[in-house]
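Worksheet for the structure shown next.
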Amino acid sequence: MRSLLAASLACAVLVGAPGCLVLSLHPAYDNDWIAWDPAFVGQWKDSDDNATLRVEAAEWRSYKLHYEHPSEKGDLTGYLTIVGDDRYLDVMPVRGEDRGSFVIPVHMIMKLTIEGETLTLAPLSYDALADRLRAGRGAPPGLSAVMDQKQNVLITSATARLRSWLRTTSAGSVFWGAAATFTRQPSPDTVRRPST
């Protein structure tokens, strides 16, 4: 289950990603709710999945994310937003690239926690949401979602409604998947070179 986050991040960088993702048509932020945390910038490593995440400052209070996993790698744009007491990372394909008329820039939303040198990212639970939709019970109260043709869960709620639902969904809720834990790595420009 932990590798689902790794696979989700890797798949999010691909056009036509396979199923098992939870994606949103609308972002979890609007201009008034974009947050910024310099502690998120840096090089991170998840040793359990042998994955790395490089986070750089980008334009319009966004982050440029470069993700590498043994099976995939790619670039994303991320925005940090705060809902209640929780912080969320909203990632999407690289902003500003024209991918054609038939490609919609969807969003993946993850709960983000930074404590010291540890970064934790928890995606929305594909299993919990897909099971409800397949059983005909619909999305959780306060949220609108459907299954797409590739069996991804596609959240269709507008930003305000999505933020309202996030506010009522606690960290221990069944709707959050297993978290991946990353540890801050030394930046290449801060690594000391041996003296000669």
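Of the numbered conditions (1) modelled with pLDDT of 95 or more; (2) assigned to a loop (DSSP other than H, G, I, E, B), Ser173 fails exactly one; give the number of that condition.
Ser173 satisfies all of (1) modelled with pLDDT of 95 or more; (2) assigned to a loop (DSSP other than H, G, I, E, B) except (1).
When the range 29-55 is examined, which residues are found to be touching a helix residue (DSSP H, G or I) at 6+ places or on another chain (Cβ under 9 Å) and either crowded, with 16+ Cβ neighbours inside 10 Å or without any contact (Cβ under 8 Å) to a residue 12 or more places away in the chain (or both)?
Result: Tyr29, Trp33, Asp46, Asp49, Ala51, Leu53, Val55.
Among residues belonging to the range 1-28 that are modelled with pLDDT of 95 or more and of a type outside the set (A, V, I, L, M, F, W, C), point out the one that is surrounded by the fewest Cβ atoms within 10 Å (Cβ to Cβ).
In this case the residue turns out to be His26.
Report, ordered by the first and then the second residue, all pairs with beta carbons closer than 8 Å, sequence separation of six or more or different chains, a first member in the range 88-99 that is over 21 Å from Leu112 (Cα atoms), and a second member that is at pLDDT 80 or above and crowded, with 19+ Cβ neighbours inside 10 Å.
Hits for this filter: Arg99/Pro93.
Looking at Trp60, is it within 22 Å of Leu166 (Cβ to Cβ), modelled with pLDDT under 90 and either under 15 Å from the mean Cα position of the chain (by Cα) or not small (Gly, Ala, Ser) (or both)?
Judged against the criteria, Trp60 is a match.
The values are calculated or read from the model by the stated rules, or taken from the named source; none is laboratory data. Everything numeric in this text was worked out from a predicted model, so none of it was measured. When we count neighbours, we look across all protein chains shown, and the Cβ atoms used for this are built from the backbone with ideal geometry, even at glycine.
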